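The values are calculated or read from the model by the stated rules, or taken from the named source; none is laboratory data. Since we're looking at a predicted model, the values are computed, not measured. Glycine gets a Cβ as well: all are built from the backbone with ideal geometry, and neighbour counts include every protein chain shown.
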Ligand SMILES: Cc1cc2nc3c(=O)[nH]c(=O)nc-3n(C[C@H](O)[C@H](O)[C@H](O)COP(=O)(O)OP(=O)(O)OC[C@H]3O[C@@H](n4cnc5c(N)ncnc54)[C@H](O)[C@@H]3O)c2cc1C
Ligand code: SF4
Ligand code: SF4
């Protein structure tokens, strides 16, 4: 596996402690050169990390550690963010370095105790910690920049001490009640996109290692929640074992019941633009698969590690033998790089699905607003057809779509033709970066402002900014918040109380 474009730099400082704890490192490592007694503060750090580790493993490393904060907040932006070399993660390295460190540290402590009872004792003792803090700052800092921000942490002796304390906690049974582990609410909803692994500071692979209780029980996990914050399916959380068991009992949403592994052949590839292609897959094994408009499928991009990418289904299920997806190449994108380079007509690929039901309108829905920007238009291609042709109860369907340029308006003629044929369908397109003939200029929100949304159900797919703004405007214009459904690749924590959501 190439690490190029694989590991993703992302925010890891979700609390003030994590954002500013690095200041403590500077105070001790630099300030201690003038006032060595500052080093004695490290005794509190050691007590803290050993104590918390007994109950919940390396929590300290991910949530409190001042050096960890320095690596994540200050040095991550400068880091080359490479794959951490395997030998630095190995047991011999960890044990060997632990012995080396403890020997030298012990020697210095004993040296300081030679001044026991004298005026300079506390200064000499404090300086042992100051020196250690400074060395870790420099060595760990260099590794953070030239390898990965958390390279040092792989063999940090304080991490090893925590693992010993954690093992004691496990042996005594204490952790069964107190441990907090990354938990997946429902593995059948996982996109297998590997994003949890790509953002993990320790380059762990939770999505490949959940145990039978749906928990990631790995002693190296620092409980930093970076994977939780970045999972596009919104199915990860950090929970104790009892809550994990409760989550495990929750029923699987209907849209995931028919998920299956599919072998398919690429039947055709249509070049829609230089960075946009429409792929039609023919099902081989099984030969027939039924799906609904508004669902998505997973496309396998790599075998090792097993990784897929999610794409909205852009075809209407005519014969149960084909599925179409429109894929936009992301600059430096890991998965689309592989798809655009290696996926040719006639090639056999693996799919999983169909999945999802957030964008599938419930039976009986009479008035629908579909809102999309960018590549978010794709699920609405079959959804409009399905609503108008297969649902007798539907009284009105509005499709509002926005792109930067008129040439990017996907299926524009198709939607215009449909609007002419069916009075119930209202199609409005808008472009933001040019004055195009016959089209208003601006974003979809401009069109939503002019709309009475009372009595509608709204289904959205697109960027976070669009979804958040549209929610505000539509609810101001009469939409009940419970009737707002969206899919977005980005996490949208601003909308905690809206209806169903898949990609939180
Ligand atoms: C339900 C669902 C439906 C979807 N439907 C469609 C669809 O119909 N069509 C479509 O084209 N896409 C769709 N997507 C998006 C698709 O799944 C992929 O995310 C997309 O194709 C990009 O994949 P990638 O591996 O090329 O990009 P990635 O490498 O995963 O990059 C994605 C983004 O992550 C960030 N990133 C990546 N690497 C780094 C780095 N090293 N440092 C910092 N940031 C980084 C960038 O912001 C980049 O834009 C959908 C997603 C979901 C969840
Ligand atoms: S959907 Fe979430 S849990 Fe599954 S692989 Fe992607 S990030 Fe990991
Ligand atoms: S698995 Fe998740 S919580 Fe554990 S270290 Fe990796 S990103 Fe942090």
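Residue count for segment 381-434 satisfying the condition of being under 22 Å from residue 359 (Cβ atoms) and part of a loop (DSSP other than H, G, I, E, B): 10.
Residues of segment 435-465 that are part of a strand (DSSP E or B) and either modelled with pLDDT under 95 or within 16 Å of ligand 1 (Cβ to nearest atom) (or both): 459, 460, 461. For residue 335, the conditions (1) within 11 Å of ligand 1 (Cβ to nearest atom); (2) in the same structural domain as residue 408 (by TED's automatic domain parsing); (3) touching a strand residue (DSSP E or B) at 6+ places or on another chain (Cβ under 7 Å) are fulfilled apart from (2). Within segment 218-269, the set of residues being within 15 Å of ligand 2 (Cβ to nearest atom) and loosely packed, with under 14 Cβ neighbours inside 10 Å comprises 252 only. Here residue 262 does not fit the description of being within 16 Å of ligand 1 (Cβ to nearest atom), in contact with a strand residue (DSSP E or B) (Cβ under 8 Å, 6 or more places away or on another chain) and not assigned by TED's automatic domain parsing to the domain that holds residue 461. Looking across segment 335-380, the residues that are part of a helix (DSSP H, G or I), under 28 Å from residue 302 (Cβ atoms) and touching a residue at least 12 places away in the same chain (Cβ under 8 Å) come down to 335, 336, 337, 338, 339, 340, 374, 375, 376, 377. Of the residues in segment 172-227, how many are in contact with a strand residue (DSSP E or B) (Cβ under 7 Å, 6 or more places away or on another chain), within 16 Å of ligand 1 (Cβ to nearest atom) and either under 24 Å from residue 64 (Cβ atoms) or free of Cβ contacts under 8 Å to residues at least 12 places away in the same chain (or both)? Result for segment 172-227: 2. Output the residues belonging to segment 310-324 that are surrounded by fewer than 23 Cβ atoms within 10 Å (Cβ to Cβ) and touching a helix residue (DSSP H, G or I) at 6+ places or on another chain (Cβ under 9 Å). Matches in segment 310-324: 315, 316, 317, 324.
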